[in-house]
1. Largest first, please: the extent of the C-alpha atoms of the protein assembly as shown along each principal axis, to the nearest Å.
2. When a/c reaches 1.5 or more, the comparison of a/b and b/c decides; with that in mind, is the range B:3-92 rounded, prolate or oblate per its Cα gyration tensor?
3. With respect to the cross-link table entries A:Lys110/A:Lys157; B:Lys209/B:Lys479; B:Lys360/B:Lys486; A:Lys82/B:Lys132; B:Lys99/B:Lys214; A:Lys12/A:Lys54, which display a Cα-Cα separation exceeding 20 Å?
4. Exactly which GluC sites (Glu not before Pro) in the range A:1-84 are in a DSSP loop and have at most 13 other Cβ atoms within 10 Å?
5. On average, how much area does the Cα convex hull of the range A:3-69 cover when viewed from any direction, in nm²?
6. In whole Hz, with x marking every Gly and Pro, tabulate ³J(HN,Hα) for the range B:340-357 from phi via Karplus 6.51 cos²θ - 1.76 cosθ + 1.60, θ = phi - 60°.
7. How many partner chain Cβ atoms sit within 10 Å of a residue's Cβ in peptide B:175-181, on average, as a whole number?
8. Within the accessible area of chain B, what % is carbon and sulfur when the probe is 1.4 Å and the other protein chains stay in place?
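The values are calculated or read from the model by the stated rules, or taken from the named source; none is laboratory data. None of the values given here were measured: they were computed from a predicted structure. Backbone-built Cβ (ideal geometry, glycine too); neighbour counts: all protein chains shown. Remember, those area values only see protein heavy atoms, side chains included, never the ligands or the DNA or RNA. Shrake-Rupley method; radii C 1.70, N 1.55, O 1.52, S 1.80 Å.
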Amino acid sequence: MSAVTLKQNEEKFSKLQLVIDQWKDKEGPLMPVLQAAQDIFGCLSLDVQKYISKELDIPVSEIYGVVTFYSQFTLKPKGKYKIGVCMGTACYVKGSQAILDEISKELNIKSGETSEDGLFTLDATRCLGACGLAPIIMINDDVYGRLSPGDIKEIIKKYKD
Amino acid sequence: MEMIKVRIDGVEVEVPAGTTALEAAKLANIDIPTLCYLKDINEIGACRMCLVEVEGARSLQASCVFPVGDGMNIKTNTPKVRAARKISLELILSNHDRKCLTCVRSQNCELQDLSQKLGVDDIRFEGERYDKPIDSFSPSIERDPNKCILCRRCIAVCNNVQGIGVIGATERGFETMVEPVFNMSINDVPCINCGQCIVACPVGALREKDDTEKVWDALNNPDLHVVVQTAPAVRVALGEEFGMEMGTRVTGKMVSALRRLGFDRVFDTDFAADLTIMEEGTELLNRINNGGTLPMITSCSPGWIKYSEHYYPEFLDNLSTCKSPHEMMGAVVKSYYAEKNGWDPANVYVVSIMPCTAKKFEAQRPELSVNGHPDVDVVLTTRECAKMIKEAGIDFLALPDGDFDPALGDSTGAGVIFGATGGVMEAALRTVYEVVTGEPMENIEVHAVRGIDGVKEAEIELGDMTIRAAIAHGTANAKALLEQIKSGEKEYHFIEIMGCPGGCVTGGGQPIVKAKTYMEKDPKVVRAKAIYDEDRDLPIRKSHENPSIKKLYEEYLGEPNSSKAHDLLHTHYVERSVY
Ligand code: SF4
Ligand code: SF4
Ligand code: SF4
Ligand code: FES
């Protein structure tokens, strides 16, 4: 880790410590602390869980159980680009499953996962409200509509370079 | 205590307030099926096998967590109850990997029992099955997620009884699993290999790493001298694997069985326990007299050792440097004994029969070796030993009593009591007292250090010196004790810690006791009684009076803690990370 990221990390942990101090002696501190940690770090890595485990005296296994139980928590950081594939009725009817499968194949990740290079996170989403353009995907704030699986390679390529 | 009256299936019983319907039914001789329930350890009402009908209540109640009230009328055998239980069971079975024929727990499985008892003759639902890899990376613990029924008994033991918590429930719904975090192997998390999760598991999802094949191979190799040794706790439990009453002593039959299996020598780890006392007692007195690190803590329990390496590295200097007894035995066999018999140590193969799964890991530690040969080649649990005896077609119950082989098979009552919590302490006191005072100890049974309280304390007068001693068993108790020492609240000279609750008699490699049996008796107490009976019946009960120990020092080691003794019988520890 470079000096800069180490320092950033330290800042994040001291932020987390403030939240822990605030909840430590209250009933049920785990959920609020995890929520704060998720916001601060963007994910709940083993290091973060170990830290919370030590501070709250709760075994890592119990924390991990909670983290994997609720979908609001993630174990790995989200990618630089978040790809949302609309699974609303209109998109679904127009073949969004095939689009999702194609992206999945292209990036070698399943829905909910992040690619090895940390660039993309793939999610199947609810209706994005652009049914006229179905099937659509969103990559961060960009919308792509009227897609067929053949278009995917080209689109992904734009973000890779 | 307030007593209340309840009717269960028409039978009236009087019970203390707060008694659960399950316990009350037991008093009325009514057996309610259970699966997730483990007395005092896991009482969470998760599996719904123990449902009963309570008059006036709207829904069926899980009797293991339902406290009865005065005047209640409970029915355990109505059509509604039977149907509900059966559905719960069939749902569990629907996605269970039902390969009983090849399962270690067949005939000793609570799920299989229930299926029989409840008359499940067909599984109407065929659930989605997962096919997850078996985790067999640990030298001690093997985990088969496909057999797990999510009862959480292992989680409760690891978390609450041992204070460790390296397995937990993850994900949700169909994806729910009981496993270590981040898909890690149990070998890569700070597990101490105590095996308490194995003896808590009702099915074959957790088991020891099976090493019996290695031993069969060694026995079949004509070039090897295959030596076996048995820990004290094995002889008071092995009989259970052959249907004998808990607490039956089978020392003689065990020795005969091992000889029939073809071992060249059958030695007693109790001999090495006596040797441990000589070394550890001397070490203690040296530390006290020369300002060494105190309190000194015993090092016989590899579960405890790994626990301290992970969780209390600041106490590593407090640990006695003595190897555990079976490792000492291995070292003596591959040096002294091999030399005396003209054996090449490279061709000597030492097998330890232990009540313990942590010793499988311990035996692989590179530092536990003598001239490049591992002290101990293979560790088998009491259960694996029984398995070999059965495979060989030996009729255990019909065996005559045999005797251990001379020299390294000679032992004392002090060696035997190592098997119960407090035993190492008591054995040490029997010797240290006489070394310090030069007088025979009048009452050698030190009752203050016996029994199953989690932490025990005693003060012992040795001439003009008073030794403050403490004993803890089960790592959660050890943790509590160590915290008191850290905070300065308590001060001791000598501490005995055993990783497993009850000590070795209830180690993770011992015969598995069913949840229902725990409702009637506590194996910690019953097996310990057998240990103390064995001690009482032995002619010599003090380690320093063992003639073969004296001879070993005269002929080979010189004095306790001599440099030769240090080379062979002492070790060191390493700090390990937590995850
Ligand atoms: S765990 Fe029990 S029910 Fe399952 S396969 Fe093994 S013996 Fe059969
Ligand atoms: S062996 Fe002991 S420490 Fe390891 S998971 Fe089982 S109970 Fe926990
Ligand atoms: S591994 Fe065994 S004890 Fe643990 S939850 Fe699964 S079935 Fe229960
Ligand atoms: S719910 Fe009572 S035994 Fe499982």
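1. That works out to 98, 74, 58 Å along the principal axes.
2. Verdict is oblate for the range B:3-92.
3. Violating the 20 Å Cα-Cα cut-off are B:Lys209/B:Lys479; B:Lys360/B:Lys486; A:Lys82/B:Lys132; B:Lys99/B:Lys214.
4. Filter output for the range A:1-84: A:Glu27.
5. 4.2 nm²
6. 4, 9, x, 8, 6, x, 5, 9, 9, 10, 9, 10, 10, 9, 10, x, 9, 8
7. Mean number of neighbouring Cβ atoms from other chains: 4.
8. Of all accessible area on chain B, carbon and sulfur atoms account for 48 percent.
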